[in-house]
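What follows is a short report on a single structure.
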Amino acid sequence: MSAHPASPSRPRFSPSPCSHDPTIGSVFTDGLREVQRWTPIIQCPADFLPDIFEIAVSQLIHHPEYNSTLILRSETVSDSTADFPLAIPSLHGFQPVRNIHRRLLPRRPGRDAGLEQHCTLYVSDAGDDDRPVVLVLTPIVDLGASLPYYHPAVHHLAFCYVSSEPPVLRIEVVPLTTTAIHLDSRLYRTCLALLDTLHRYGWGALTSYKKRVHHDCVIAREAYQDLYLVMRERHKHLVNEWQEVTDPLKHVFEDIGIATFLMLLWKESCGPQEIETLCDADDESRRGAPWKKWPRPPGGFLDLGCGNGLLTHILTAEGYDGHGIDVRARTSWAHYPETTRDRLHTDPLDPISLVDASGTPQEHPYLHDGVFIIANHADELTPWTPVLATLFSASGYLSIPCCAWAFDERYERSRVLDYPAPADSFVDSLNLGGDGSNTSSYSRYRIWLASLSVYCGWKVECEALRIPSTRNWAIIGAERAVDTKKPWEEFRTRAVEIIDNVRERGLFKTRTPEGKAKDH
């Protein structure tokens with residue numbers, strides 16, 4: 001078997017401060033006078049042709065959050081190729097060809113203010129080349145107003161492709177009068193990071209780099225981020241009320257993220273319906289909480305292996321009907337409000353006992369028609385999730401696998417039956433990440449889970465969730481597969497056959513309540 005061809009390595013990023021070379025002058029200077037007080041800050045070898053420059057800077061324009069953790073995202077206000085605003089600079093030797101007016105949204109709006117900004121592309125006056133070689137960022141602020149902390153203290157910041165020999169990428173600025181520009185200054189460090197990013201984007205465009213993991217495949221980024229900010233403010237107090245020995249920052253914000261995703265998923269997938277929530281219709285808490293009227297699973301939700309119960313608590317607090325079960329109670333359970341305590345239950349779920357010898361599903365207090373099943377790091381119950389969803393005609397499920405388990409033993413590819421993939425492109429659609437070879441045991445396990453889900457009659461969608469966890473890949477079954485040749489009863493028969501096969505092997509055992517609390 002031939003090895004995958006090696007990808008060309010990105011050339012070493014070799015920046016040099018412009019202040020160390022007295023011969024470096026601004027590219028916007030005509031030799032007699034400066035049009036504006038432009039100051040070269042830093043430069044590096046370009047390592048790509050000018051054709052790539054516009055592609056590289058487009059990433060900087062549309063994704064400022066990649067270079068600052070304080071920025072949530074940007075929104076485009078307008079995009080024009082004429083009638084440019086007076087606020088953009090006039091550059092000697094260059095003409096503006098496009099201006100994108102964007103709005104920067106801070107990640108913490110209660111602390112940092114938003115900011116609007118002009119992003120202007122320029123072409124050289126020399127010759128008839130229409131390729132942009134300069135991008136200038138111009139903050140839009142009122143006279144005397146201050147810039148937010150995340151923005152450099154400048155009037156303008158320019159990214160330049162300088163066609164020297166050899167060509168270089170350079171950053172120049174028009175600093176504020178009080179802005180330090182020495183090598184230990186914050187401005188220099190910011191420019192260094194921005195230049196590194198531009199160099200990386202340029203090389204990626206040159207080598208047709210493809211992202212290994214794609215976010216926001218199922219739920220739009222803007223909708224998720226906007227709701228997450230609200231949910232974080234409503235539930236961040238749980239960090240200080242944490243009762244477990246595990247890290248509260250990780251677990252609280254992880255479950256806030258999962259709850260946010262579920263609320264938006266249900267809004268889109270459950271369709272219009274009359275909503276009756278756990279909150280009184282006239283309760284003041286409903287004000288400013290539009291999700292209280294959003295669609296939700298008709299049979300509520302069931303959080304399998306709910307652990308500390310936090311996800312169940314957040315969803316219940318926001319008016320969603322559902323339950324969480326685990327093999328034993330956790331310390332946290334007793335400290336939640338009564339409305340949450342009533343929804344948390346000890347239940348060592350045994351999937352084999354849910355079907356009798358004749359193949360008839362048995363009643364279960366929380367598994368029933370229309371329920372939405374959540375399996376967040378549910379370990380042994382992870383592979384059972386699509387099976388139970390089919391068996392009980394669930395409205396869907398979300399599974400975030402962690403430890404690799406088959407039905408009655410640890411998952412090992414050589415020992416576990418594979419399910420047929422529906423198409424050659426199926427694996428590529430799973431958003432598995434990595435180098436694309438999908439040879440790791442975790443990748444093979446996720447392919448197996450997705451194939452199992454299709455075998456059980458579900459249309460599979462996958463998402464890399466925006467949560468603080470290395471195990472953030474989720475598989476979603478929000479729709480039943482459309483196949484007129486296979487009625488739903490046939491998929492239910494498949495689910496029963498899986499249970500019968502596991503029963504015959506006689507190896508499945510429910511987890512016993514012992515040891516430390518599960519790190520959920």
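The values are calculated or read from the model by the stated rules, or taken from the named source; none is laboratory data. Nothing here was measured: the structure is a model prediction, and the numbers come from that model. Note that each Cβ is placed from the backbone with ideal geometry, even for glycine, and that neighbours are counted across all protein chains shown. Surface areas here come from the heavy atoms of the whole protein model, side chains and all, with no ligands, DNA or RNA. Shrake-Rupley method; radii C 1.70, N 1.55, O 1.52, S 1.80 Å.
Within the chain, helices built from complete DSSP H runs that reach 18 Å or longer along their own axis (Cα positions) and carry a mean Kyte-Doolittle hydropathy of 0.5 or higher are 248-269.
Could you state, as a whole-number percent, how many of the C-alpha pairs of segment 320-385 are farther apart than 18 Å? Pairs farther apart than 18 Å: 45 percent. Once divided by 2.2 N^0.38 Å, the Cα radius of gyration of the chain becomes 1.18. For segment 325-437, averaging the sequence separation of C-alpha pairs within contact (under 8 Å, six or more residues apart) and dividing by the residue count gives a relative contact order of 17 percent. Dividing the summed -39500 (n - 2.57) terms of all DSSP H runs of n ≥ 4 by the residue count of the chain sets its mean residue ellipticity at 222 nm at -7500 deg cm²/dmol. Accessible area per residue (1.4 Å probe, heavy atoms of protein chains only) ranks LEU398, LEU147 as LEU147, LEU398, with the largest value leading. Taking all protein chains together, VAL371, VAL77, VAL327 sort by accessible area into VAL77, VAL327, VAL371, largest first [probe 1.4 Å].
Using C-alpha pairs below 8 Å separated by at least 6 residues, the relative contact order for segment 45-161 is 23 percent. Take the Cβ atoms of SER78 and ALA329, set R0 to 51 Å, and the FRET efficiency comes out at 0.35.
Taking all C-alpha pairs of segment 76-166, those more than 20 Å from each other amount to 41 percent. Amide H contacts of GLY25: none lie under 5 Å away among residues 5 or more positions distant or on a separate chain (H built 1.01 Å from N in the peptide plane; Pro and chain starts excluded).
Per-residue SASA remark: HIS182, around 100 Å² accessible (1.4 Å probe; ligands, DNA and RNA not included). When the Cα gyration tensor is reduced to axis lengths a ≥ b ≥ c, the ratio a/c is 1.5 or higher for segment 353-395, and with a/b not above b/c it is classed as oblate. Remark: accessible surface ordering of LYS459, LYS509, LYS250 (largest first) is LYS509, LYS459, LYS250, probe radius 1.4 Å. Derived scalar couplings between HN and Hα for segment 86-99 equal 5, 6, 6, x, 8, 10, 5, x, 9, 10, x, 10, 7, 10 Hz in order, rounded to whole Hz, by the Karplus curve 6.51 cos²θ - 1.76 cosθ + 1.60 (θ = phi - 60°), x for Gly and Pro.
Across every pair of non-identical alpha carbons in segment 344-465, the mean reciprocal distance, once inverted, gives a Kirkwood radius of 15.4 Å. Charges were assigned to the Cβ only: +1 to each Lys and Arg, -1 to each Asp and Glu. The resulting dipole of the chain about its Cα centre is roughly 880 debye.
At a threshold of 8 angstrom on Cα-Cα distance, excluding pairs fewer than six apart, so keeping six or more, what relative contact order does segment 55-103 reach in percent? That works out to 37 percent.
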